[in-house]
Amino acid sequence: MSPDDQRAQADYLMPPNERPAMLLPPIDHAAIGTPNSGGSVRAIYANGIEFIDQMATIDGMLAGAMWSMAGGLVLFVVWAIGEFSGAWTWIGHALGLFWALVFLTVGRADSVGWRYQPVLFDKAAQKVHVFTDLGSPWWEVWRLLGGTRCRIDSFDWACARGEVAEVVVMGGANLPRKEYALTLAITDVPGSRDVIARFGVGFTAGYDSGQTQVARWEHIRRYMRGEGPALTPGDALYPDDSQEHWIGAFTSGQPLLGPGSKIWWTGEGLHGAWFLTVPFGLAFLLILPLTLPYSLIRWTVRHCKGTPRWPAGILSSVGDPVDPQSLRPKPHARYTGDYSHPPRLTFKQRRAEARRRKSGAT
């Protein structure tokens, strides 16, 4: 048996991940040759990068759906009271109101809390900070909107191990689909096998056998070791649209209305097939009375939820926020290849560059 095989057998964590998972090499060993965050970085600081969580993209959807159905049931019961009478009818009214209360309660689980739960990697202090939403006590039924309790945990980067775990999500046609998630396991001391905490970093991805998550781990590993940038070439920040304008809320779920509708009118959203996107969008106009309440409720929920804030001590360590545009090369500067693709040169600039190279060669 080779030394690598012996090390692989001895390299395990306790307790193991609840999901089938692949344990990645320690932080001092490279996992892949091409690092990339996969679009999961929400913010960049002078000495830190902050990752978004998996649930940020669907925040408020459950509340919008449940509360829309609850409102519809209440309106139906109010209408039915004036149209029907009798003992059995009143039982039906009571059941309708009961289910409306159930929908309202289920939706409340998504209407309170925080818009996202970030993970912050502090390169200066070699720490990993995790923001956790603790939710609201079940008996606080009057609290339907706003932030709740939270907890911030800080771990030593030297105690971190990466895992690529398999998760099952609902895909198209409500069929289960296997995807992969990056999980960080924190041990009690560096080099130990005893895990004291686990948490996810970034989005899940499918159809790639976990390569997106391995690349994200390598991106984090190199950044924390001072061997890589905050963003790799071609990467970009997570587009946080949770605080969109109210006009966008009125037109959410309608491809041909509101911000971003141009790509559906022209067909750019489906490889130029406007003859498919336009009829499809016109058909969606028929369900505008259904999408409007859902969209407005989700917009309200997302605007009322709390925005995660890091303590002053953590912010002083990671430094001030950095605009990704400021990391790109200057228009007339030579490209260094750290954060973006090379800038396009004009014909005059290309000729000047060719003359400079020719004169240098002679």
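The values are calculated or read from the model by the stated rules, or taken from the named source; none is laboratory data. Note that the coordinates shown come from a computational prediction; the quantities given were computed from them, not determined experimentally. Positions of Cβ are backbone-derived with ideal geometry, glycine not excepted, and every protein chain shown enters the neighbour counts. Only protein heavy atoms, including side chains, enter the accessible area calculation; ligands, DNA and RNA are left aside. Shrake-Rupley method; radii C 1.70, N 1.55, O 1.52, S 1.80 Å.
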Matching residues in region 190-230 - criterion: being hydrophobic (A, V, I, L, M, F, W, C), at pLDDT 90 or above and farther than 21 Å from THR132 by Cα
VAL214, ALA215, MET224, ALA230
Scanning region 121-155 for residues that are under 23 Å from ALA230 (Cα atoms), surrounded by fewer than 19 Cβ atoms within 10 Å (Cβ to Cβ) and among the aromatic types (Phe, Trp, Tyr) gives PHE155
GLY60 passes all but one of the listed conditions (1) open to solvent by 50 Å² or more (accessible area, probe 1.4 Å); (2) within 16 Å of the chain's Cα centre (by Cα); (3) farther than 30 Å from ALA160 by Cα; the exception is number (1)
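For (1) at negative phi; (2) aliphatic (A, V, I, L, M); (3) open to solvent by 80 Å² or more (accessible area, probe 1.4 Å), each residue gets a yes or a no:
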site	(1), (2), (3)
GLY64	yes, no, no
LEU75	yes, yes, yes
TRP79	yes, no, yes
ILE91	yes, yes, yes
LEU104	yes, yes, no
Regarding region 49-57, can at least one residue be identified that is free of Cβ contacts under 8 Å to residues at least 60 places away in the same chain, within 22 Å of LEU144 (Cβ to Cβ) and open to solvent by 60 Å² or more (accessible area, probe 1.4 Å)?
no
Any hit, region 82-103, residues being farther than 21 Å from GLU244 by Cα and under 28 Å from the mean Cα position of the chain (by Cα)
yes
Looking at region 216-226, can you tell me whether even one residue there is in a loop (DSSP other than H, G, I, E, B) and under 30 Å from THR183 (Cα atoms)?
yes
Strands (runs of 3 or more DSSP E) enclosed by region 132-201 - at least 1 residues per element that are over 25 Å from THR212 (Cβ atoms) and of a type outside the set (Gly, Ala, Ser)
149-156, 195-200
Is it the case that some residue within region 107-120 is in contact with a His (Cβ under 8 Å, 6 or more places away or on another chain), surrounded by 15 or more Cβ atoms within 10 Å (Cβ to Cβ) and farther than 24 Å from ASP153 by Cα?
no
If a residue counts only when it is under 29 Å from GLY72 (Cβ atoms) and open to solvent by less than 70 Å² (accessible area, probe 1.4 Å), which helices (runs of 4 or more DSSP H) contained entirely in region 233-308 have at least 1 such residues?
246-250, 274-284, 288-304
Out of region 309-362, which residues are modelled with pLDDT under 70, open to solvent by less than 90 Å² (accessible area, probe 1.4 Å) and part of a loop (DSSP other than H, G, I, E, B)?
PRO329, ALA333, TYR335, GLY337, ASP338, TYR339, SER340, PRO342, PRO343, LEU345, THR346
